[in-house]
1. For SER84, are the conditions met, namely being within 28 Å of SER40 (Cα to Cα), without any contact (Cβ under 8 Å) to a residue 24 or more places away in the chain and among the polar types (S, T, N, Q)?
2. Give me the residue from the range 25-49 that is under 13 Å from the mean Cα position of the chain (by Cα) and modelled with pLDDT of 50 or more and, out of that set, surrounded by the most Cβ atoms within 10 Å (Cβ to Cβ).
3. Would it be correct to say that GLU121 is closer than 26 Å to SER40 by Cα, charged (D, E, K, R) and either loosely packed, with under 13 Cβ neighbours inside 10 Å or modelled with pLDDT of 95 or more (or both)?
4. What number of residues in the range 83-127 are in contact with a helix residue (DSSP H, G or I) (Cβ under 7 Å, 6 or more places away or on another chain), in a helix (DSSP H, G or I) and of a type in the set (D, E, K, R)?
5. So GLN60 clears everything in (1) on the phi > 0 side of the Ramachandran plot; (2) modelled with pLDDT of 90 or more except one condition, right? Which one?
6. Any idea which of GLY133, GLY140 is at positive phi and within 21 Å of the chain's Cα centre (by Cα)?
7. Out of GLN69, GLN115, which single residue is farther than 16 Å from HIS47 by Cα and either out of contact with any Asp or Glu (no Cβ under 6 Å at 6 or more places or on another chain) or in contact (Cβ under 8 Å) with a residue 40 or more places away in the chain (or both)?
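The values are calculated or read from the model by the stated rules, or taken from the named source; none is laboratory data. As the structure is a computational prediction, the values presented were derived from the model and not from experiment. We place every Cβ from the backbone using ideal geometry, glycine too, and count neighbours over all the protein chains shown.
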Amino acid sequence: MRDTSNSCVLPMAFCVSFMALFLFCSRRKRNLANTSGPGSCAATSCHGSVKPIAGSRILQNEYSTWIIQDKHSRAYQALTGDVSERMARILKLGAKAQEAPKCLACHALSPPPEQHGRGFEISEGVSCENCHGPASGWLGPHTTRTWGH
């Protein structure tokens, strides 16, 4: 006899994963007002220090680490080469890879133009705002002593 007790586990896991992804993406789109790009946090007194700050839970070298060591900072550049153009043709995207929404969804922060803040550059790839939301929601409050994050 066949054991069917676990037959719904895989479909259930798929549904839960899909729902979580949907909620994440819908939250992310809603929070994209005034995206300014990683440069807004690049000052040495913010997150652009060359060395970690001792005795702090925030190292303050996050920008420097991202720009020098993290491939996410070069994610958009991957869309500008011959290989990406070939992939765009094979996938019949109807646009260059660096302009195709399907490519930009993973290789860049790509809010609509009306949500671009000062200094926003799509070519900066996958940056802090992809996960943390727009810098406009962080710049003021997170520097206060009462910030609870």
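1. When the stated conditions are applied, SER84 does not pass them.
2. My answer is PRO38.
3. no
4. Of the residues in the range 83-127, 2 are in contact with a helix residue (DSSP H, G or I) (Cβ under 7 Å, 6 or more places away or on another chain), in a helix (DSSP H, G or I) and of a type in the set (D, E, K, R).
5. Tallying (1) on the phi > 0 side of the Ramachandran plot; (2) modelled with pLDDT of 90 or more, GLN60 fails exactly one: (2).
6. GLY133
7. Selected residue: GLN115, the only one of GLN69, GLN115 that is farther than 16 Å from HIS47 by Cα and either out of contact with any Asp or Glu (no Cβ under 6 Å at 6 or more places or on another chain) or in contact (Cβ under 8 Å) with a residue 40 or more places away in the chain (or both).
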